[in-house]
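*Asks:* Sending over a structure as structure tokens; questions will come in a sec.
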Amino acid sequence: MTIGTSLLYDRAAQRLGALSTNATRLQTQISSGVRIRAPSDDAVSFRRLDTIRRDAADTVVSKSNIDLAQTILDQADTTLGSVTDQLQRAQELVIQAGSGILSDADRAIIATQLRSVVDDLVSLANTPDARGGPLFGAESGDTAVTRDANGTVSFTGTGTPPGIPIGDGVTIQPSESAERIFGGIAGGNIFAVLSNFATALETPGAAAAAATSAATLDGIKAGLDSVNAARGSIGARSARLELESARLETADTAREVERSALQDTDITRAIVDLQRTSTILEATQASISRLSQLSLFDYLR
């Protein structure tokens, strides 16, 4: 009778190898805190973890874009606040110019101040955003407005500022176009309204200024209304970004809970499994050792 058959030893070796591999795997899981590293550990969970990783990467991009959009929106609101200050200054100058006691020289001084306001408005319109592009630029063009040799200001490009993606198929427009803010009023745009009034002030006599002062004030009021509307829209978009940011944070938290449940090692359970596996491994090793010492004589005895 042959006890130490090849089949016996093959099976014992396979059992011993499987137990040893399992023990090593459990030790690695305990030391690293990670339960799943490869599809062979848990194919279904590994695929789900891969999806979670992709979603997390997309969220990182979305959060970065939200931060960028918020930065630009804040910059636009601050800049439009400065535009409001300049328009209110122009309004004061126009009202002042309506005084019947001003001389031609006085009106010329006010004209110079108004042209300075126009210069400041052009500069504000062409403010660069956090990316280096025009804050109030259209869909195309390197600047928001341009000025020709005669001082005439015109809008560059067409369309609205391009949106910034903040989620799956969701974009947000981070600013407004200069044409919407400074244009669309009687006289064409606020630059033309103020420049034309400055020219009227430079004309000797009060008649030219008096004839255009009411229209100029109407144009400034329309400009202020346009700026206020733009700031209101920017504020609404900023609030939307806050909501989207909060949604992403909530999704991040839920995703992390799921990831941890799938991937992180349950230390207590893993230690118990390792102890049980080690006990079985030691018993198996002892059994193989005893079997290897058996002989036919020992068996018969």
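*Asks:* Ignoring ligands, DNA and RNA, what accessible area per residue does segment 179-232 give at 1.4 Å, in Å²?
*Replies:* Averaged over the residues of segment 179-232, the accessible area is 43 Å².
*Asks:* Whose amide H sits under 5 Å from the amide H of residue 127, counting only residues 5 or more places off or on another chain, with H placed in the peptide plane?
*Replies:* Amide H neighbours of residue 127, under 5 Å, 5+ apart: 135, 136.
*Asks:* So what's the gap between the Cα centers of segment 170-212 and segment 46-100, to the nearest angstrom?
*Replies:* Segment 170-212 and segment 46-100 have Cα centres spaced 24 Å from each other.
*Asks:* Taking loop as defined by DSSP and a crowding limit of 13 other beta carbons within 10 Å, which trypsin sites (Lys or Arg not before Pro) in segment 128-185 fit?
*Replies:* When the trypsin sites (Lys or Arg not before Pro) of segment 128-185 are filtered for loop state and at most 13 Cβ neighbours within 10 Å, 131 remain.
*Asks:* Follow-up. How large is the convex hull of the C-alpha atoms of segment 113-250 per residue, in Å³?
*Replies:* Each residue corresponds to 109 Å³ of Cα convex hull volume.
*Asks:* Quick check of the Kirkwood formula: for segment 68-130, what is the inverse mean of 1/r over all pairs of different Cα atoms, in Å?
*Replies:* That comes to 13.2 Å for segment 68-130.
The values are calculated or read from the model by the stated rules, or taken from the named source; none is laboratory data. Being a predicted model, the structure only gives us computed values, none of them experimental. Note that we place each Cβ from the backbone using ideal geometry, even for glycine, and neighbour counts take in every protein chain shown. When the accessible area is computed, the model is the full protein with side chains, heavy atoms only, and any ligands, DNA or RNA have been set aside. Shrake-Rupley method; radii C 1.70, N 1.55, O 1.52, S 1.80 Å.
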